Amino acid sequence: MSLRNRLFALVSGVVVLTVVLVTWAVSSSARQSFATVDAQRSAALVAQFRREFANQGEQVAMRVDRAAQSDAAARVAAGVASSRDFAPYVNEAAALAAAQELDVLDLVAPDGTIVSSAEWPARFGYQLPWAAKTAATRSGGFLQPIELPDETALALVAVRALPAGARALHVAGGRRLDRKFLQSLVLPPGMRVLLYENLQPEVSGRHLIAAEDDPPEAAPLEPLIARVIQDRREARDAIEWPDGPETVDALPLAGPDGPVLGVLLVGSSGRELAALVRRIRWSGVGFGAVAIAFGFLLSFLVSARVTRPVEQLAGAARAVADGDWDVQVDNVRTTGEIKVLADAFDTMTRQLVDHRDRLVQAERVAAWRELARRLAHELKNPLFPLRITIDNLRRARTLSPAEFDEVFDESLTTLQTGLGNLNTVIGRFSDFAKMPAPEFAQVSINELVEQSVALFRAQLAAPGHPPVTVRLELDPAVGTIRADGEQVRRVVQNLLLNAIDAMPEGGELRIATARVNGVVRIDVADTGQGLGEEERSRLFTPYYTTKQHGTGLGLAIVQSVVTDHRGKIWVDSEPGRGATFHIELPA
Amino acid sequence: VLDAARPHYGGTLRIETTDATAMRRVNALAYETLVAVDAAGGLRPALAASWQRDAAGSRWTFRLRRGVKLHDGATLQPSHVAAVLRAAHADWQVTSDADAIAIEPGRDAADLPWELADQANAIVIRPAAGASIGTGPFRVERVEAGLIALRAHEDYWDSRPFVDAIEVRTNRPPADQLSDLEAARADIVTMQPIDVRRVEQRQFRIEASRPIELFALVFEAQVATAASDSMRRTLAAAIDRGAIARVVLQGRAEAAAALLPQWVSGYAPIVLAMAGEPPSRATAAPPPAGRRTLALRVAPSDPAAQAVAQRIAVNARDAGFTITVQSPAGLGPRFDMRLLRVPMRGTTPAAALSDVMAGLGPRAVALAGRVAPPERGDPLETVLRTERALLERDVIVPIVHVPELYAVSPRVESWNGPAVLASGSWNLANAWLSAP
């Protein structure tokens, strides 16, 4: 990963982490604060509901008072006092209840017999014992189970007594705690009230009444309801609905005898809080995303600004490594250490170029010197016999014509040979100068090696030749490669010749081929005297030779051919332990 | 006081009724019978001034009133009467002379005068062209949807009616009728027993027939099986008929021990005794096995029936039943029993029981015991046996008998009896409207 990317990732990571932490901290803090406020609001709402409920009870008592003081009730009381025939009054309760907007109204004779019932007109003549029982003890509204034609329901009722002769007619009226009652309660937004009628032994959601048309699922509330009924104390639970949380305060509603007849569930929706927290969270996420994006951009710019000089330096270093020593980073716009580094780099490359130029110049001079030495050496040897021959001819002018002719013919032969040698020397130099470009074709390396070795077998087997053992280790997997067969053959033959020459006392010549990692390798090893370090370092320099009669161009040509084939050649050798030339050619 | 007692001529008497078949009452005003039921429930002369049976008991002679004018001004002849009765009863031998007709029904017909008092035997002359004509105090002037208009018969044999016309509005909802009466938009309206106190408190007069309607509980097939006998018997015994008659129906009904009211048959106590089970409440009875929850269907337009049904549900609860009262306006859920209100128009036990069986419907009768309705003129024993068979399995449970009730404006005054007779007929020939 590049420095820029690492720097970018680091800065971005820091930005993201910071944003996430800040967002989480803000969201968490906001939620706690809102939860505290919500709890306070719920408590206030429950208190407000208690007042509202008490107010409803007072209103019921007031309405029952009015019903009891009405002319109709007085007529019934008078009639009940004077006669046991209640039939004329059987429908009175309905009219009274309608007038006072009561859901429940019973006119009860002194003996507890229902004279008239608004909520269940057909129930006349039956007993309603609680009316007389509670009339003396309860002046305000209280909770009472009321029997209706199809069910038993809860009602907030009050009872008043009217004189009926020596005894009393009881007017028991109230409002059902039903959906209409719940809807009449004044509740602030976000709050709702549910009523559970505890009129059956088991807690069941069927007895849950809601003000809204669509009551909630009862199952989540049932444990809370059961707990309140059992403990007869208020309780609170946080209920998780699919559409959000709700804090539910459950209030036991006790009847006149003490048992819990109902449970009022005052729900304070946490949806607003949740929505607020959600809004904050999403705002945080939004701001965080923007901040992260901004952080990314900033970190990109910063990392780019910081790393651009470094990248330029790295590019320049790569160029230097690739041989372009003229590269400069003086256009880097930076300050501080990077600027110092860039200046130092430029100084270094300038010095390197200077050194290189000096070195090239020195090498060029050395090469010319070597070339001159070699030329002198190569030309000197053929010239010496020529000069001797010419001297001999000059001396032979004094000899007899026959002797002169004999000397002349010998001299002429010698001159021709010498000139031929000179021509050969010049031809070699010329060949090296005009080394042709390789012509690539599919070449079998093993076959080529075998043919080259075969050329030398006769020479090695000649009498008087030191004994040289040839060992071939050819890898069949080498196959063919694209190469100039003739040039590679020259390379192999040159190396074989050098190896044979390196073993004047005889030895072992090993030629091996192999295919390794996509290249074809050719090893030519001898067991001669080996090469010193100085020799190894100059071995491929043109016109350098360790032989008495070498031109110093053989290995230079070999290296040139290998290089033209995008190959590689090197030598492993130590003095006294032979030498091994390695060639690698692309397969 | 003298002004109040002195009849006024003129004016239009406005009547409203819930009954879609009010034409029956109207016809009684337009078409008279030979004999009529009087205010006390007995027989009185109508077109026949007198009647007698011969010694053999097979021939009745009815001497007709003289000078009776038809609505078209013609005089009613005994031949007209004989022709009408022959057309109605092909098996009768009806002959006529100058002032009488003779009838030989071909069977023992001791109650023939009662039979002739039935409106079905009214003398209706149907000319070849034009409307039917009769001899009644009013003639039908026009019949429209929801309205029947009558005009006074100027030449009525018992003197012209006091009012000039009568307008009868039919199919009026009960609440609307009482409102119209209170707002003086109507003079006579039908009413329900449950409205008695309201009507009385508003100083209207209540006039009633004898109990001529039956409230009966009829079980459906799924609970009319032998396996449900015990359940039906327990439920029937649990119903407090006395409280229904006395309180729900405000004392205007009679607890029913039999299908026919006592005043028609005279044998209700016998049926009671033969059933072997008092119709009193059986609150202490243990709940029977089988169905405990039942649905009771009541007509949605009948508030009295709904009140009775609610009381039945209360009583049934004491016996361990849960009854759901349903009164859907259209198709409703499946029900187990119906509370039917069955009118009885017949003037004889056989005819009345036939009416009841027709009102209960063939399905209920078939479930009760597949008995045939009594024939006209069947003796009382046959009627008793038929009724006994119908009630034997408690598939049909009589609850109460109720009268037809009318709330009458104080403007309506009458000589010669109330405006509504014991039979339910309208006695309007002698009614007048006091001056406003």
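The values are calculated or read from the model by the stated rules, or taken from the named source; none is laboratory data. Predicted model, so just to flag it, every value in this text is computed and none were measured. For neighbour counting, all protein chains shown are included, and Cβ atoms are generated from backbone atoms with ideal geometry for every residue, glycine included.
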Please determine, by comparing only the residues of the stretch A:54-82 that are buried (at least 23 other Cβ atoms within 10 Å of the Cβ) and within 14 Å of another protein chain (Cβ to nearest Cβ), which one is nearest to the chain's Cα centre (by Cα).
-> A:76
Any chance the stretch B:178-189 includes a residue that's among the polar types (S, T, N, Q) and closer than 22 Å to residue B:418 by Cβ?
-> no
Check on residue B:224, within 14 Å of chain A (Cβ to nearest Cβ) and farther than 28 Å from residue B:184 by Cα = no
Of (1) within 15 Å of residue A:572 (Cα to Cα); (2) touching a residue at least 12 places away in the same chain (Cβ under 8 Å); (3) of a type outside the set (Lys, Arg), residue A:534 satisfies all except one. Which?
-> (2)
Go through A:128, A:177, A:169 for me and flag whichever is under 26 Å from residue A:252 (Cβ atoms), surrounded by 21 or more Cβ atoms within 10 Å (Cβ to Cβ) and more than 60 Å from the chain's Cα centre (by Cα).
-> A:128
So is residue A:239 more than 20 Å from residue A:156 (Cα to Cα) and within 36 Å of the chain's Cα centre (by Cα) or not?
-> no
Name, by its number, the condition in (1) more than 14 Å from chain A (Cβ to nearest Cβ); (2) outside any loop (DSSP other than H, G, I, E, B) that does not hold for residue B:311.
-> (1)
Taking the stated definitions as given, is residue B:210 closer than 23 Å to residue B:307 by Cβ, surrounded by fewer than 23 Cβ atoms within 10 Å (Cβ to Cβ), at pLDDT below 90 and within 14 Å of chain A (Cβ to nearest Cβ)?
-> no
Would you list the strands (runs of 3 or more DSSP E) that sit entirely within the stretch B:46-124 and hold 3 or more residues that are crowded, with 20+ Cβ neighbours inside 10 Å and out of contact with any Gly (no Cβ under 8 Å at 6 or more places or on another chain)?
-> B:60-64
Qualifying position, being at positive phi and either within 50 Å of the chain's Cα centre (by Cα) or modelled with pLDDT of 85 or more (or both), among A:267, A:244, A:262 | A:244
Tell me which residues, restricted to the stretch A:208-239, are closer than 10 Å to residue A:250 by Cα and in contact with a Leu (Cβ under 9 Å, 6 or more places away or on another chain).
-> A:221, A:224, A:225, A:228, A:234, A:235, A:236, A:237
Exception for residue B:394 within (1) modelled with pLDDT of 90 or more; (2) within 22 Å of residue B:41 (Cα to Cα) falls at (2)
In the stretch B:164-186, how many residues are surrounded by 15 or more Cβ atoms within 10 Å (Cβ to Cβ) and farther than 17 Å from residue B:17 by Cβ?
-> 1
Qualifying residue in the stretch A:180-196 (condition: within 30 Å of residue A:158 (Cβ to Cβ), among the aromatic types (Phe, Trp, Tyr), assigned to a strand (DSSP E or B) and touching a strand residue (DSSP E or B) at 6+ places or on another chain (Cβ under 7 Å)) = yes
Is at least one residue of the stretch A:141-162 more than 13 Å from chain B (Cβ to nearest Cβ), surrounded by fewer than 19 Cβ atoms within 10 Å (Cβ to Cβ) and out of contact with any strand residue (DSSP E or B) (no Cβ under 8 Å at 6 or more places or on another chain)?
-> no
Could you list, in sequence order, the residues of the stretch A:423-471 that are assigned to a strand (DSSP E or B) and surrounded by 13 or more Cβ atoms within 10 Å (Cβ to Cβ)?
-> A:443, A:444, A:468, A:470
Going by the structure shown, is residue A:28 part of a helix (DSSP H, G or I), away from every other protein chain (no Cβ under 14 Å), under 39 Å from the mean Cα position of the chain (by Cα) and more than 30 Å from residue A:311 (Cβ to Cβ)?
-> yes
Qualifying positions in the stretch B:138-154 - surrounded by 16 or more Cβ atoms within 10 Å (Cβ to Cβ) and farther than 19 Å from residue B:434 by Cβ = B:138, B:139, B:140, B:148, B:149, B:150, B:151, B:153
Given the structure, is residue B:149 touching a residue at least 12 places away in the same chain (Cβ under 8 Å) and part of a strand (DSSP E or B)?
-> yes
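A quick yes/no check of all residues on (1) at pLDDT 80 or above; (2) assigned to a helix (DSSP H, G or I):
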| residue | (1), (2) |
| --- | --- |
| A:331 | no, no |
| A:342 | yes, yes |
| A:367 | no, yes |
| A:371 | no, yes |
| A:380 | no, yes |
| A:391 | yes, yes |
| A:394 | yes, yes |
Would you mind telling me which numbered condition in (1) within 25 Å of residue B:359 (Cβ to Cβ); (2) more than 14 Å from chain A (Cβ to nearest Cβ) residue B:194 fails?
-> (2)
Scope the stretch A:83-116; condition facing another protein chain (nearest Cβ under 10 Å), in a loop (DSSP other than H, G, I, E, B) and surrounded by fewer than 22 Cβ atoms within 10 Å (Cβ to Cβ); matching residues | A:85, A:86
Determine whether the stretch A:511-521 contains at least one residue that is surrounded by 16 or more Cβ atoms within 10 Å (Cβ to Cβ) and on the phi > 0 side of the Ramachandran plot.
-> no
Residue count, the stretch A:317-357, condition within 25 Å of residue A:303 (Cβ to Cβ) and of a type in the set (Phe, Trp, Tyr), comes to 1
